[in-house]
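*Asks:* I am attaching a structure below and will ask some questions about it afterwards.
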Amino acid sequence: MKPLALCLAGPTASGKSAVAMLLAQQLPVEIISVDSALVYRGMDIGTAKPSAAERAAVPHHLIDILAPTETYSAAQFVADTLALVPQIQARGRVPVLVGGTMMYFHALRQGLHTMPPADAQVRADIDARAAQLGWPALHAELARIDPATARRLAPADGQRIQRALEVWQISGRTLSQWHGDDKHAAPPAANWPLVSLEPESRAWLHRRIEQRFDAMLAAGLLDEVRVLQQLPGLHADLPSMRCVGYRQAWQALQNPTPGCTVDDTQRSFRATALAATRQLAKRQLTWLRSISSRQVIACDQAGAQVEALRTLKALASSAHLP
């Protein structure tokens, strides 16, 4: 049986999970999470992790598979997904990849590049310079070294700026040079049908992001991060704590502004985290719009869920999925 799955992508807060759960009421579905934060245990509120009831109703995969002190890569995601898809098919069910970590989708559809591995000392040196100068200054440095990569990164995106500078320092080649060199690229793993939930109104998405984030705050996001901070070996530079929302919460709790009240700290954290989430959504949409083969559903229009379900079911039928 040829491994085949459906992909449902979209920016954060676009309604992907709701569509997937509705699809599961009409087709025998198992969901593979395409989310670099959902892999971590104990990170439930800030990731909008599916509830226990949802996971009992529909099998979910690649959720709660690691401690927050561990790391997970796009290569691991591809390997895990390629193992899961035929298993799900063998059970007579439809594998549906759902999420917004575009690097994972990219690894499946475009292949991975064999770049230099991480170097702890180089990263520590870059982090020390960032602490002294700030990430925007290092972003400006990257713009001089590798303009193409700098253009697609936000000035405060420390994780990706760090990796771009690290690759340059280790290899003497820019990240864009590595990406542009086909001899370093693995072949695509899978080019499965992709349905993309994209709003026509950016303001609609921003309202959804704000509403969802306020619900996370009310549910105890800051308390969740306080508990995580007590875990041995967990620190702010690990990938888990660089996830949007968690990074800003860690900073707010670790380095409160002197003289600020608890309410002041929460308001400042909220504003910073919302800005970072909007930037994330912008990057996600930019990546999605680069894929001409995707099938777009305007998720802010009336009847969007019905249209998305109709499209996914038609794709499943044409692919002879169960």
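*Asks:* List the number of the failed condition for Ala164; all other conditions in (1) modelled with pLDDT of 95 or more; (2) buried (at least 19 other Cβ atoms within 10 Å of the Cβ) hold.
*Replies:* Checking Ala164 against (1) modelled with pLDDT of 95 or more; (2) buried (at least 19 other Cβ atoms within 10 Å of the Cβ), the one that fails is (1).
*Asks:* In segment 33-75, which residues are out of contact with any His (no Cβ under 9 Å at 6 or more places or on another chain) and assigned to a strand (DSSP E or B)?
*Replies:* Result: Val34, Tyr40, His60, His61, Leu66.
*Asks:* To continue, here is another question. Restricting to segment 269-300, name every residue that is over 25 Å from His206 (Cβ atoms) and either touching a residue at least 40 places away in the same chain (Cβ under 8 Å) or not assigned by TED's automatic domain parsing to the domain that holds Gly10 (or both).
*Replies:* Ser293
*Asks:* Which pairs have Cβ atoms under 6 Å, sit 6 or more apart or on different chains, and link a residue in segment 126-137 that is over 15 Å from Arg247 (Cα atoms) to one that is among the polar types (S, T, N, Q)?
*Replies:* Close Cβ pairs satisfying both conditions: Ile126/Gln162.
*Asks:* Residues of segment 138-163 being over 19 Å from Arg242 (Cα atoms) and over 22 Å from the mean Cα position of the chain (by Cα), which ones?
*Replies:* Result: Ala140, Glu141, Leu142, Ala143, Arg144, Ile145, Asp146, Pro147.
*Asks:* Report yes if some residue within segment 91-98 is loosely packed, with under 15 Cβ neighbours inside 10 Å and assigned to a helix (DSSP H, G or I); otherwise report no.
*Replies:* No, the conditions are met nowhere in segment 91-98.
*Asks:* Then there's this: Please determine, by comparing only the residues of segment 245-268 that are in contact (Cβ under 8 Å) with a residue 24 or more places away in the chain and among the hydrophobic types (A, V, I, L, M, F, W, C), which one is farthest from Ser14 (Cα to Cα).
*Replies:* Leu253
*Asks:* Further question: I need the helices (runs of 4 or more DSSP H) fully contained in segment 211-322, keeping only those with at least 2 residues that are of a type in the set (Lys, Arg) and exposed (fewer than 15 other Cβ atoms within 10 Å of the Cβ).
*Replies:* 262-289
*Asks:* Which condition breaks for Pro188 when tested against (1) closer than 23 Å to Trp287 by Cβ; (2) modelled with pLDDT of 90 or more; (3) not in a helix (DSSP H, G or I)?
*Replies:* (2)
*Asks:* Has segment 301-318 got any residue that is within 30 Å of Tyr246 (Cα to Cα), touching an Asp or Glu at 6+ places or on another chain (Cβ under 7 Å) and not assigned by TED's automatic domain parsing to the domain that holds Ala154?
*Replies:* No.
*Asks:* Tally the residues that are of a type in the set (Val, Ile, Thr) and within 26 Å of Thr71 (Cβ to Cβ), restricting the search to segment 196-235.
*Replies:* The qualifying residues number 2.
*Asks:* Among the numbered conditions (1) under 19 Å from the mean Cα position of the chain (by Cα); (2) basic (Lys, Arg); (3) modelled with pLDDT of 95 or more, tell me where Arg310 comes up short.
*Replies:* Answer for Arg310: the failing condition is (1).
*Asks:* If I go through segment 113-135 residue by residue, how many of them are part of a helix (DSSP H, G or I) and exposed (fewer than 13 other Cβ atoms within 10 Å of the Cβ)?
*Replies:* Of the residues in that region, 7 qualify.
*Asks:* Report, by residue number, each residue of segment 236-292 that is aromatic (Phe, Trp, Tyr) and either under 25 Å from Phe105 (Cα atoms) or in contact with a strand residue (DSSP E or B) (Cβ under 6 Å, 6 or more places away or on another chain) (or both).
*Replies:* Scanning segment 236-292 gives Tyr246, Trp287.
*Asks:* Being closer than 21 Å to Asn191 by Cβ and either free of Cβ contacts under 8 Å to residues at least 40 places away in the same chain or touching a helix residue (DSSP H, G or I) at 6+ places or on another chain (Cβ under 6 Å) (or both) is the requirement here; does Ser73 meet it?
*Replies:* yes
*Asks:* Can you tell me which of Val19, Val78 is touching a residue at least 40 places away in the same chain (Cβ under 8 Å), in contact with a Phe, Trp or Tyr (Cβ under 8 Å, 6 or more places away or on another chain), outside any loop (DSSP other than H, G, I, E, B) and surrounded by 15 or more Cβ atoms within 10 Å (Cβ to Cβ)?
*Replies:* Criteria check complete, one pass: Val78.
The values are calculated or read from the model by the stated rules, or taken from the named source; none is laboratory data. Small disclaimer: the values here were computed from a predicted structure and weren't measured. Please note: Cβ atoms are built from the backbone with ideal geometry, for glycine as well, and neighbour counts cover all protein chains shown.
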